[in-house]
Amino acid sequence: MPARKPGFRDALLALELYDLRREAELRKARDLVGELIVVSFDELRPMLDYEHPKNAHLRQVVGYWELAASMVARGLLHPDLYLDACDEGLFTFAVFEKHLHRIREVRPGFLTKTESIIAEHTRLKSRLLEVRARIFRSQGEREDDAGG
């Protein structure tokens, strides 16, 4: 895709995505991600089942950030504005990253759009490294534990 500058429509979409994050249930869903930073896959695994009480919030937050990533992938939202307004999607990816291969055994499409835009855009990849470092610093983990 040829490089383009962000435009007014990108700005409006970024503002709308930002505004939607204030919705009460989405706030609860976003809070769930922060609670999952230190969980093992064995603790996370039951939440992937639809009958688990936290599954709806898990699906909501992942679905929300995957929608935003899809907009970037399709050229509807400039990656720079995603980075400015939606980098919480990268935080969400970083939280689940070390479990992705196991999660995808159960939910094959889990965070694939976010992973795709990270791979495609250098600035998103760089920000992910920063987010990882911040998470691991706050949790006392090593950055090289990510992704494995």
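The values are calculated or read from the model by the stated rules, or taken from the named source; none is laboratory data. Keep in mind that what you see is a predicted model, and the values were worked out from it rather than measured. So basically every Cβ, Gly included, is an ideal-geometry build from the backbone, and we count neighbours across all protein chains shown.
Give me a count of the residues in region 10-23 that are in contact (Cβ under 8 Å) with a residue 60 or more places away in the chain and assigned to a helix (DSSP H, G or I).
Quick first cut of region 10-23, residues in contact (Cβ under 8 Å) with a residue 60 or more places away in the chain only: 10-11, 13-15, 17-18, 21.
If we keep only those that are assigned to a helix (DSSP H, G or I) too, we end up with 10-11, 13-15, 17-18.
Total satisfying the criteria: 7.
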For this session: From V61, V33, grab the single residue that is in contact with a Ser or Thr (Cβ under 7 Å, 6 or more places away or on another chain), hydrophobic (A, V, I, L, M, F, W, C) and over 22 Å from R137 (Cα atoms).
Result: V61
Seminar exercise, completed: Of the residues in region 96-117 that are more than 8 Å from the chain's Cα centre (by Cα) and among the β-branched types (V, I, T), the one that is farthest from Y18 (Cα to Cα) is V106
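Residue-by-condition table, conditions (1) surrounded by 13 or more Cβ atoms within 10 Å (Cβ to Cβ); (2) under 23 Å from F41 (Cβ atoms); (3) at pLDDT 95 or above; (4) β-branched (V, I, T):
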residue	(1), (2), (3), (4)
R104	yes, yes, yes, no
S116	yes, yes, yes, no
K125	yes, no, yes, no
V131	yes, yes, no, yes
G140	no, yes, no, no
G148	no, yes, no, no
Problem set entry | All helices (runs of 4 or more DSSP H) inside region 49-134 with 1 or more residues being among the small types (G, A, S) | 55-73, 79-86, 88-97, 112-120
Problem set entry | Residues within region 24-55 that are surrounded by 15 or more Cβ atoms within 10 Å (Cβ to Cβ) and either under 13 Å from the mean Cα position of the chain (by Cα) or touching a residue at least 12 places away in the same chain (Cβ under 8 Å) (or both), tallied | 11
Seminar exercise, completed: The correct count of residues that are crowded, with 20+ Cβ neighbours inside 10 Å and either under 15 Å from S126 (Cβ atoms) or within 8 Å of the chain's Cα centre (by Cα) (or both) in region 79-90 is 4
Exercise. Conditions: (1) in contact with a helix residue (DSSP H, G or I) (Cβ under 9 Å, 6 or more places away or on another chain); (2) in contact (Cβ under 8 Å) with a residue 40 or more places away in the chain. G75 meets all but one. Number of the miss?
Worked result: (1)
